[in-house]
1. Enumerate the pairs (first residue in region 80-96 and touching a residue at least 40 places away in the same chain (Cβ under 8 Å) and under 16 Å from LYS1 (Cα atoms); second residue anywhere and loosely packed, with under 15 Cβ neighbours inside 10 Å and of a type in the set (Asp, Glu)) with beta-carbon separation below 7 Å, excluding pairs fewer than 6 apart on the same chain, so at least 6 apart or on different chains.
2. Given the structure, is LYS1 more than 13 Å from the chain's Cα centre (by Cα) and in contact (Cβ under 8 Å) with a residue 24 or more places away in the chain?
3. Look at region 56-71 and say how many of its residues are touching a Phe, Trp or Tyr at 6+ places or on another chain (Cβ under 6 Å) and in contact (Cβ under 8 Å) with a residue 24 or more places away in the chain.
4. Being β-branched (Val, Ile, Thr) and either closer than 15 Å to GLN17 by Cβ or over 8 Å from the mean Cα position of the chain (by Cα) (or both) is the filter here, so list the residues in region 54-91 that pass it.
5. In region 79-96, how many residues are of a type outside the set (Lys, Arg) and closer than 16 Å to SER63 by Cα?
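Taken together, the values in this text are just the output of simple stated rules run on the coordinates, not laboratory data. Being a predicted model, the structure only gives us computed values, none of them experimental. Glycine also receives a Cβ, built like all others from the backbone with ideal geometry; neighbour counts cover every protein chain displayed.
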Amino acid sequence: KKLEYATVDKIKSLPWQAAMDYAASLGEGWRLPTLEELRMKYEAGKIEDMREGYYWSSSTSASCTGGAWIVSLWLGHVAGTAKANNYYAWPVRERQ
């Protein structure tokens, strides 16, 4: 499946639920990427104009309902964190 990432000007720093809502507000099909989709984005290489920092995935923590997974697209580091923290939301959707 091919993903379309929102333009970098659409990236916002938000808590997890607000990030989920923001992605959905962009229109039909927009959502946060899964943990695996973010890992694949990192492995694909440098992204022009991308903000350095951690990006929310839609994947939640199985052991902690108050947590979700984030990925550094600069370093490839994956971590679990509290949904109340602010990290970048970079919405995606399936390509038409």
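1. From region 80-96, the pairs are VAL92/GLU4; ARG93/GLU4; ARG95/GLU4.
2. Working: more than 13 Å from the chain's Cα centre (by Cα): yes; in contact (Cβ under 8 Å) with a residue 24 or more places away in the chain: yes.
The answer is yes for LYS1.
3. Our first condition is that a residue be touching a Phe, Trp or Tyr at 6+ places or on another chain (Cβ under 6 Å); within region 56-71, this holds for 56-57, 59, 68, 70-71.
The next check asks that each one be in contact (Cβ under 8 Å) with a residue 24 or more places away in the chain; those that pass are 56-57, 59, 68, 71.
Adding up the residues that qualify gives 5.
4. Answer for region 54-91, where residues must be β-branched (Val, Ile, Thr) and either closer than 15 Å to GLN17 by Cβ or over 8 Å from the mean Cα position of the chain (by Cα) (or both): THR60, THR65, ILE70, VAL78, THR81.
5. Of the residues in region 79-96, the ones of a type outside the set (Lys, Arg) are 79-82, 84-92, 94, 96.
Still in the list and also closer than 16 Å to SER63 by Cα: 79-82.
Residues in region 79-96 being of a type outside the set (Lys, Arg) and closer than 16 Å to SER63 by Cα: 4 in total.
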